[in-house]
Amino acid sequence: MSSSVLLQRSKPLTNILWFNRVFARPMGGGPRTFPGGLNKWQWKRMHEKKAKEKEKRLLEQEKQLYQARVRSQIRTKLFDKADPDSETNQHKPMSPDEHVKALADRFMKEGAEDLWNEDDGPVKSEQRPRSGAEANQRPRLAGAPIDLRGLISDKRNSVNNSGNLNSGSNVKTRNYSVLSESKFSDRSKSASLIFMPNLECNDGETVIPSRNVMDFVRRAYFSGTDKRNFCRNDGSSTRDKAGFDTGNKAKPFARNLGNNRENGDSKNMSEFMKKKCFVGKRRFKRNESSSSDDDSDIDSEDVDEKVEGWRDVKKMGSSASLGKYDMKITKRVPLKSLEDEHDFEEQVELIRKEISKNKLNGNGEKKEKREEEPILSQKRFDECGISPLTIKALTAAGYIQMTRVQEATLSACLEGKDAVVKAKTGTGKSIAFLLPAIEAVLKATSSSTTQLVPPIYVLILCPTRELASQIAAEAIALLKNHDGIGVLTLVGGTRFKVDQRRLESDPCQILVATPGRLLDHIENKSGLSVRLMGLKMLVLDEADHLLDLGFRKDVENIVDCLPRRRQSLLFSATMPKELVLKREHTYIDTVGLGSVETPVKIKQSCLVAPHELHFQILHHLLKEHILGTPDYKVIVFCSTGMVTSLLYLLLREMKMNVREMYSRKPQLYRDRISEEFRASKRLILVTSDVSARGMDYPDVTSVVQVGIPPDREQYIHRLGRTGREGKEGEGVLLLAPWEEYFLDDLKDLPLDKLQLPHLNPEIQLQMDNHMAKIDNNVKEAAYHAWLGYYNSIREIGRDKTTLVELANKFAQSIGLQRPPPLFRKTALKMGLKDIPGIRLRK
Ligand SMILES: Nc1ncnc2c1ncn2[C@@H]1O[C@H](COP(=O)(O)OP(=O)(O)OP(=O)(O)O)[C@@H](O)[C@H]1O
């Protein structure tokens, strides 16, 4: 299906020109007026001015607070010996504690959440419990949030070591711990943004939004109940006589304000301001740029929308964007409990590996059992309480019974729980999140009143454009009987303005997007941010990948702009340990402890041979497979796009029915090839990792991976393009002897070792001749890409001399007389400048 078809809504909304209606845009342009008789430009200038004033005001406030803090420190020194209790002292110095409270008064007020800084961190030193009497002596500051001391004092004791707070007789937290920044990977930090903690009644029914918990905790602290449990200490705390932290209590705030110059942190004031005004600036930036020619098509009504949106953001978005719940509170988990959690993770991992090993070491009975494991469950879709219209569409598509992952997840997802779901490749995860997504839209549309801006209720993020199109197509198919629910994709490689027009003309409720392009829209088109403020559900498909280095920042920035009260669902066939073992969400794993992570019906094997033979071995394997499988459909994964291109040309020269796909190809080409491969039989797709995850090409008979994959996870995802829906499949991994160490990472997977096949010297000759015909530019690009890829693999890249030797062998094997030169800058960046064998461009 072409992308233009995918962009259509499932059912057109007849006669709803919502954009025109909402913004009263007269057809064909012409003069427009705004409240107060202002014209477009006056209106815009007015709001720009307001934005500047607001920013100035905030800066002024921060400055005052900084000065107050300095004054307080000076006074503390001057009046060190004065009676601190003297009420008559007009110039009574502000103690650090009091100052913290003053800052708290400023920062913890409703609506001031966006002044928080993610640097607020965990309690790092041991905290001494404080008596209730002491706590009660603290006066509540005027204007501070409601005093919850009465509420919390009896319950404070139930704040246990793991950071769980039992706030009532039958209420418990599920957990709001997040792995601390220092100890755990950034990925877990990102994940903490995705979830928010839930309160759950013991009867398991009531789920109280975590916001309440955090407000509760936050206010309790600032009403002086138990500061030590929640306040950050930077590890260098000074203690007062009673043993309380004093010196550093203001640090989280002080740091926010950029006033801890002595720590060399002077630049953070501006950063803080930048960060905290991010949403607002983004909005107003567009106002500014809208006066340029480039953005001249921005409507004044749009500006109106933006201003409305800004208010919305203040109301909803600010709390969403700044880890009031996750980044701050979750970091305040005593490290001990985090360590325990970490130990537990390792134990689970060990057990899993052990059991897998046992199973592989001749436990035939279990092996057989595994092979029988069906992907379909006994439960039917019409038994699970979803809309009859969706069931009709499912039936029409031939889906009657649920798959196991669908059965396992649906009820939790329909209940609105946050969930992390791990299930093997090709087991129906897409429908597992699309069904609750559709239900969420139905629920939201039935309960919502007429909205000025049509909200997007579900946002599905995925790593590649093709995957986004595939998911959108599936959603459209499921929605075919629902009137007025639209699905839109936002992916890179298309024209930005075209996207904008589609967004304006299509009031979609489900948005499927790749992170980069979505962020572009959020940053450049305020209308989308406003529409996202009504979001009910966020889905991360291939979640582990989205939370990995390449995407993490973008995903974090997107999540910053989403409302906090939403459901988050994370799906993938591979999940990092740190996500799995966090208790703030439901974790559903249909793979099961001790089971292999790959589909059992895929016959996996590995062949180790010198690198320069790989292309010929591949040709041999393909020929053999084609002979034995008339309806063959093979995917060949290469390490990089440029190597993909070279191999494609070679196989084409060898008269094989082959197509190529990698990220640098134009999007239209990618779409066409993707559709062709989906529909075809007797075809080979040579591709980079752009096709590794999520792509559901039916009936792929074999997957060959040429060279070492980036990691174990990617091996699993690539392999999972075959053997889908419980079907048979086969996968071959082709490694060079120096890549063999990677098999260690796969030792719990059932890989057979293949012997080096007998290679026909005539074929080798033919291949050499065909290789000679290929343009040298392609080969040179392949060499550079090859070098870059292996240089980035830690185990190989650290021995630069060997790496260059191997790369030069590769250059020779693809018919390059001499290794192509590198730019000096590139060689320097790669740490290869002075390595023998590297040639530099003159
Ligand atoms: N209940 C069902 N009955 C029959 N087929 C189903 C059912 N649910 C999903 N499928 C089919 O199973 C195939 C695999 O589904 P899907 O692409 O969602 O897998 P996945 O688990 O997301 O895989 P990956 O991990 O590779 O992304 C699809 O062709 C889909 O149409």
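Readers should treat all values here as calculations from the given coordinates under stated rules, not as data from a laboratory. Computed from a predicted structure; not experimentally measured. Ideal geometry is used to build each Cβ from the backbone, glycine not excepted, and the neighbour counts take in all protein chains shown.
The H on the amide N of residue 568, modeled in the peptide plane, is under 5 Å from the matching H of 418, 419, 538, each at least 5 residues off or on a different chain. Between residue 383 and residue 505, the modelled label-to-label distance comes to 4.6 nm, taking each label 7 Å out from Cα in the direction of the beta carbon.
Subtracting the Cα-Cα distance of residue 549 and residue 60 from their residue separation scaled by 0.36 nm leaves 172.4 nm. Placing a label point 7 Å from the Cα of residue 711 along the Cα-to-Cβ direction, the residues of the range 768-809 with a backbone N closer than 14 Å are 793-795. Taking a ≥ b ≥ c as the square roots of the Cα gyration tensor eigenvalues, the range 729-842 comes out oblate, since a/c reaches at least 1.5 and a/b does not exceed b/c.
Net length available on complete extension from residue 824 to residue 392 is 149.3 nm, with 0.36 nm assigned per residue and the Cα-Cα distance removed. Checking the table 633/665; 379/633; 753/809; 40/480 against a 29 Å threshold on Cα-Cα, which pairs fail? Long pairs (Cα-Cα over 29 Å): 379/633; 40/480. Compute the signed sum of charges (Lys and Arg +1, Asp and Glu -1) over the other residues within less than 13 Å, Cβ to Cβ, of residue 819. Local net charge: +3. In order along the range 565-575, phi translates into HN-Hα couplings of 7, 7, 9, 10, 10, 10, 10, 5, 7, 9, 10 Hz, rounded to whole numbers, per the Karplus curve 6.51 cos²θ - 1.76 cosθ + 1.60 with θ = phi - 60° and x for Gly and Pro. The Cα atoms of the range 376-589 give a gyration tensor whose axes a ≥ b ≥ c have a/c of 1.5 or more with a/b no greater than b/c, which makes the shape oblate. Phi angles across the range 701-707 convert, under the Karplus curve 6.51 cos²θ - 1.76 cosθ + 1.60 with θ = phi - 60°, into 3J(HN,Hα) values of 8, 8, 10, 10, 10, 9, x Hz, Gly and Pro given as x. The calculated FRET efficiency for the pair residue 840 and residue 443, based on their C-beta separation and a Förster distance of 45 Å, comes to about 0.10.
Under a 5 Å amide H cut-off, with hydrogens placed 1.01 Å from N, residue 460 pairs with 511, 512, 513, 539 among residues at least 5 apart or on other chains.
Placing +1 on the Cβ of every Lys and Arg and -1 on the Cβ of every Asp and Glu, with no other charges, gives the range 602-774 a dipole of roughly 620 debye about its Cα centre. Is the shape of the range 602-774 rounded, prolate or oblate, going by the alpha carbon gyration tensor and its root eigenvalues a ≥ b ≥ c, with a/c under 1.5 for rounded and a/b larger than b/c for prolate? Rounded.
Roughly what would the spin-label model give for residue 744 and residue 629, points 7 Å off Cα along C-beta, in nm? Each label point is offset 7 Å from its Cα along the Cβ direction, giving 3.1 nm. The slack between residue 497 and residue 699, meaning 0.36 nm per residue of separation minus the straight C-alpha distance, is 69.0 nm.
Strictly over 30 Å apart at the Cα level, which of 424/681; 417/603; 655/747; 424/536 would you flag in this model? Violating the 30 Å limit, Cα to Cα: 417/603; 655/747. Near the amide H of residue 659, within less than 5 Å, lie the amide hydrogens of 684, 685, 686, all on another chain or at least 5 residues away, with H placed in the peptide plane.
Among the listed pairs 779/800; 422/601; 553/779, which have their C-alpha atoms separated by more than 26 angstrom in this model? From the list (779/800; 422/601; 553/779), the Cα-Cα distance tops 26 Å for 553/779.
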